[in-house]
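The values are calculated or read from the model by the stated rules, or taken from the named source; none is laboratory data. Just so we're clear, the structure is a prediction, and the values are computed from it rather than from any experiment. In this analysis, Cβ positions are derived from the backbone assuming ideal geometry, glycine residues included, and neighbour counts consider all displayed protein chains. Accessible surface areas use protein heavy atoms only, side chains included; no ligands, DNA or RNA. Shrake-Rupley method; radii C 1.70, N 1.55, O 1.52, S 1.80 Å.
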Amino acid sequence: MFKRILIANRGEIACRVIRTCKAMGIETVAVYSEADEKSRHVRDADQAVCIGPAPSAESYLNMQAILDAAERTEAKAIHPGYGFLSENALFSDLCAQRKFTFIGPSARVIRLMGDKATARRTMKAVGIPIVPGSEGLLATVDDAVAFARTSGYPVLLKATAGGGGKGMRVCRSEDELKKRFPEAAMEAQKAFGNPGLYLERFVEKGRHIEFQFFGDAYGNGVHLFERECSVQRNHQKLIEESLSPVIDEATRTRMGERVAKAISAIGYQGAGTMEFLLDSTSGELFFMEVNTRLQVEHPVTEMLTGLDLVKEQIQVAANHRLSWKQADLQHSGHAIECRVNAEDPSQNFKPSPGVVTRFEPPTSVAGATVRVETYLEAGAQIPVYYDSMVCKLIVHAADRDAARRAMLEALGAFKIEGVKTTIPIHLKILSDERFASGRYHTGLVAELGA
């Protein structure tokens, strides 16, 4: 096992990884930008190294600075968290060249799955159903128009690199497609350095379903059931839950087995998530993409299964076999997670950086387990430079309605002052009859006027 791990990230995920490392007896090294000098993850780690100025490009995306920090502190492995360099194949390659273990899949697998057009072809070849779409990348807007004339509208333009909704456009007519193709390509180039686009059939009122999985270096693969992530705003997830209220046990088993088989076939080592689009009309599940990292919403699965996914990541990276066989994995009850962002819902979700003057998270709710993942505390500064998500609130209860009611109670007891947060929109969503009944889709937040 590793003696010391450097965490190439910040905020709540850095704190989360540090916690598991401490439980495993592993020393930790935090890296931080000048803006994060007083952040909690810096204090929680055994050592801390400043890697540059506040902008991400000069600090948390500065591969050389991070690798130099790992060398100076004699760290043996690097945990990338999520975001930043977590799905960067070059960084994985550089770690290997400098003799550090990258806690994640190989650069080969990251490249294979990171390019979404390639990932579609790869998953199709191993028997995973994919959304009907273009074969490979679209060279020109004329290619896109020709495909759409055959497939029919609406269609969805998607960037082959990256995620988070960038480089995505729904097109309901040929005029829209011609207008939005260059927009999407430009946005993709700016965000990911790759303007490549492909087209998929746009599934109206679809649902976002994802399967958590793990693979090891010995060809073993398992799935840890599914999460529902359909509550989104501008393709950004707001609420996740598990199990999905619309996936039955037979579908769960069938698709989970396919996922485990697929990741074993490509030699996947570590944690990952396979994302699907559920056609609410036909009930079909279509492959969208693979995220080659730990997800923001991994605590939902941890609460459902009682497992520590970060611990398993570290063990698999150290070439241990998976701790579990598929038959060992069980789910119990229901878990829901709300992502709390420092944004003002009343001002079109405008970011709300600043100093947190009061921070009192809920600690308990009758009949449920409450978990809070955050780096915030009273007096903490939320910088303008990074993602606005500052906290995750997770509850676990005996069934879905009990979990929903527990989450409403926990959100109502949550006290954050000094900045605006998205707690009001979470309360609105969880109180809505469509969410309460489980009959919702990715357009729910828009239908609520948010």
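Quick notes
- Any hit, segment 133-141, residues being modelled with pLDDT under 90, more than 25 Å from Tyr82 (Cα to Cα), of a type outside the set (Lys, Arg) and open to solvent by 40 Å² or more (accessible area, probe 1.4 Å): yes
- Residues that are open to solvent by 10 Å² or more (accessible area, probe 1.4 Å), touching a residue at least 24 places away in the same chain (Cβ under 8 Å) and of a type in the set (D, E, K, R), drawn from segment 323-342: Lys325, Arg339
- Candidate set from segment 276-335 (those that are in a loop (DSSP other than H, G, I, E, B) and under 14 Å from the mean Cα position of the chain (by Cα)); member that is farthest from Leu238 (Cα to Cα): Thr292
- Output for segment 117-145, where each listed residue is hydrophobic (A, V, I, L, M, F, W, C), within 29 Å of the chain's Cα centre (by Cα) and in a loop (DSSP other than H, G, I, E, B): Val126, Ile128, Val131, Leu137, Leu138
- Within segment 38-76, the set of residues being touching a residue at least 40 places away in the same chain (Cβ under 8 Å) and either among the basic types (Lys, Arg) or assigned to a loop (DSSP other than H, G, I, E, B) (or both) comprises Lys38, Ser39, Arg40, Asp46, Ala54, Pro55, Tyr60, Thr73, Glu74, Ala75, Lys76.
- Residues in segment 74-91 that are on the phi < 0 side of the Ramachandran plot and open to solvent by less than 10 Å² (accessible area, probe 1.4 Å): Ala75, Ala77, Ile78, His79, Pro80, Leu85, Ser86, Phe91.
- Strands (runs of 3 or more DSSP E) within segment 146-251 that include 3 or more residues at pLDDT 95 or above and buried (at least 21 other Cβ atoms within 10 Å of the Cβ): 207-215, 221-233, 236-242
Here is a yes/no grid of residues against (1) at pLDDT below 95; (2) open to solvent by less than 50 Å² (accessible area, probe 1.4 Å); (3) closer than 28 Å to Phe84 by Cβ; (4) not β-branched (Val, Ile, Thr):
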site	(1), (2), (3), (4)
Ala378	no, no, yes, yes
Asp387	yes, no, yes, yes
Leu393	no, yes, yes, yes
Arg400	no, yes, no, yes
Met407	no, yes, no, yes
Ile416	no, yes, yes, no
Val419	no, yes, yes, no
Glu433	no, no, no, yes
Glu447	yes, no, no, yes
